[in-house]
Amino acid sequence: MNESIIRLGEPTFGDSEIQAVASTFGSGWIAGNGPKSRAFEKEFSRQVAAAQTIAVSSCTAALHLTFKGLGLGPGDDVLVADYTFPATGHAVAMCGARPRFVDVRPDTWTIDVQAIGDAMTPQTVGIVAVDVFGQAADYLELEELAARHGIWLVEDAAAGAGATYRSRPVGSFGDAACFSFHGRKGITCGEGGAITTRHSAVAAYARKMHAFGIESALSRAESDDLIVPQFDEIGWNYKLSDIAAAVMLVQLERLPELISARQRVANGYAERLSGVPGLSLPAVGPDRTHVWQSYVLTLDPMVDRARLARHLRTNGVQCNIGTYASHLQPAYGSSACCPVSENLFSRHLAIPMHANLTSDEIDRVAAALTTGLKSKETFAVR
Ligand SMILES: *Cc1c(COP(=O)(O)O)cnc(C)c1O
């Protein structure tokens with residue numbers, strides 16, 4: 001790959017992660033659900049102020065197990081924030097239930113609490129809010145609304161590790177939260193995820209069902225007796241390997257440092273790009289902290305996004321769309337109407353955001369955007 005390409009996302013790995021992997025191989029337990037996974041779960045619970053954590057193989061697995069643990073099944077409706085990576089809606093559909101997509105706020109791009117009431121049906125059993133690009137949804141209003149209707153609330157905190165809302169960490173709101181440690185998230189082990197929950201029944205369900213439906217191999221290995229488990233339910237294999245858990249323990253320790261590096265990049269972009277015609281900068285709600293999993297610009301309606309993207313790419317700057325308007329994805333056959341989300345889906349542009357970006361690279365990204373937006377080519381003929 002061309003050395004001078006500025007990547008959209010990049011992990012931050014060093015000697016500590018490599019040491020952690022080496023020591024896990026040396027320990028003799030590399031499969032999932034072992035000592036490293038246990039240690040990671042304990043530390044994650046402490047950091048996000050959650051009663052329990054279950055380490056799993058992805059956020060999609062986390063959402064699937066959580067919904068099943070909350071009793072979701074065929075005939076149920078779930079209100080899902082429309083503007084998200086479609087794994088959120090997929091996990092609802094994987095339970096045989098129907099996602100009902102709800103529009104998002106035009107400023108924070110998180111689920112619009114006002115729009116939830118209109119989408120509610122007698123079959124609605126829960127709400128899924130999404131911490132879009134690393135910014136928390138309106139959890140106090142959402143918790144209040146869920147309690148008033150007697151339905152559950154789950155956070156899709158895939159991009160939200162380390163973010164706060166009114167000084168409380170993401171992952172501590174609602175009935176449960178689901179995190180992703182995929183390569184493009186703020187802390188990562190390649191592929192991975194976690195469930196945090198205050199419900200011991202949901203935690204017990206997830207713990208059993210993420211490992212085929214039986215008690216963990218570690219507790220069997222630790223026993224002096226020969227334990228022969230019985231399979232009384234059909235579970236999945238959604239375990240996080242202990243190799244990945246060891247990496248996550250290091251990444252978790254570095255989380256504050258990685259967040260401040262991303263904050264520095266966000267500040268750098270804001271300085272260089274404010275006032276550039278053709279774009280607006282992302283907004284941060286006053287009562288929350290953003291962890292900048294992605295940095296996403298909103299282009300003016302007359303900007304030709306595809307041409308601007310081509311200009312950036314030919315100048316060695318990777319870019320992408322923001323995320324998806326779920327209701328437009330054919331897999332769901334949805335008839336929802338979410339004009340805000342649809343508009344963001346067509347106008348958003350994600351530019352490089354990771355903890356390794358240098359000030360020179362931030363300059364280069366800003367310069368490429370500025371020259372691209374000045375060119376007549378990127379403005380559609382009206
Ligand atoms: C990345 C992401 C997911 C999927 O996470 P995986 O760990 O890849 O399954 C789900 N929801 C949101 C909002 C995401 O950003």
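The values are calculated or read from the model by the stated rules, or taken from the named source; none is laboratory data. Because the structure is a prediction, the values reported are computed rather than measured. Cβ atoms come from the backbone with ideal geometry, glycine included; neighbour counts cover every protein chain shown. In case anyone asks, the SASA skips ligands and DNA or RNA and just uses the protein heavy atoms, side chains included. Shrake-Rupley method; radii C 1.70, N 1.55, O 1.52, S 1.80 Å.
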Residues located in segment 153-168, provided they are more than 14 Å from the chain's Cα centre (by Cα) and crowded, with 21+ Cβ neighbours inside 10 Å: 153, 165
Every residue in segment 120-137 that is away from the ligand (no atom under 13 Å from the Cβ), out of contact with any Gly (no Cβ under 8 Å at 6 or more places or on another chain), not in a strand (DSSP E or B) and not hydroxyl-bearing (Ser, Thr, Tyr), please. 120, 122
Can you pull out the residues in segment 115-142 that are open to solvent by 60 Å² or more (accessible area, probe 1.4 Å) and at pLDDT 95 or above? 122, 123, 140, 141
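When residues of segment 138-161 are filtered for being more than 15 Å from the ligand (Cβ to nearest atom), of a type in the set (A, V, I, L, M, F, W, C) and closer than 14 Å to residue 288 by Cα, how many remain? Explain how you work it out, then say what you get.
To start, the set of residues in segment 138-161 that are more than 15 Å from the ligand (Cβ to nearest atom) comprises 138-153.
Right, trim to of a type in the set (A, V, I, L, M, F, W, C) and you get 140, 142, 145-147, 151-153.
Filter once more, so that each one left must be closer than 14 Å to residue 288 by Cα: 140.
Result for segment 138-161: 1.
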Determine if segment 296-315 includes at least one residue that is in contact (Cβ under 8 Å) with a residue 24 or more places away in the chain and within 23 Å of residue 182 (Cα to Cα). yes
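Just one of 228, 265, 202, 247 is away from the ligand (no atom under 16 Å from the Cβ), open to solvent by less than 30 Å² (accessible area, probe 1.4 Å) and more than 30 Å from residue 150 (Cβ to Cβ); which is it? Don't jump to the end; show me each part of the working.
Numbers: 228 fails: open to solvent by less than 30 Å² (accessible area, probe 1.4 Å); 202 fails: more than 30 Å from residue 150 (Cβ to Cβ); 247 fails: away from the ligand (no atom under 16 Å from the Cβ).
Unique residue meeting the criteria: 265.
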Take the residues in segment 200-235 that are touching a residue at least 60 places away in the same chain (Cβ under 8 Å) and assigned to a loop (DSSP other than H, G, I, E, B); name whichever of them is farthest from residue 258 (Cα to Cα). 216
Condition first: under 15 Å from the mean Cα position of the chain (by Cα) and open to solvent by less than 30 Å² (accessible area, probe 1.4 Å). Now tell me which residues in segment 174-183 satisfy that. 176, 177, 178, 179, 180, 181, 183
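Does residue 272 qualify as being in contact with a strand residue (DSSP E or B) (Cβ under 8 Å, 6 or more places away or on another chain) and open to solvent by 10 Å² or more (accessible area, probe 1.4 Å)? Working first, answer last.
Details: in contact with a strand residue (DSSP E or B) (Cβ under 8 Å, 6 or more places away or on another chain): no; open to solvent by 10 Å² or more (accessible area, probe 1.4 Å): yes.
Here the answer is no, as residue 272 does not meet what is asked.
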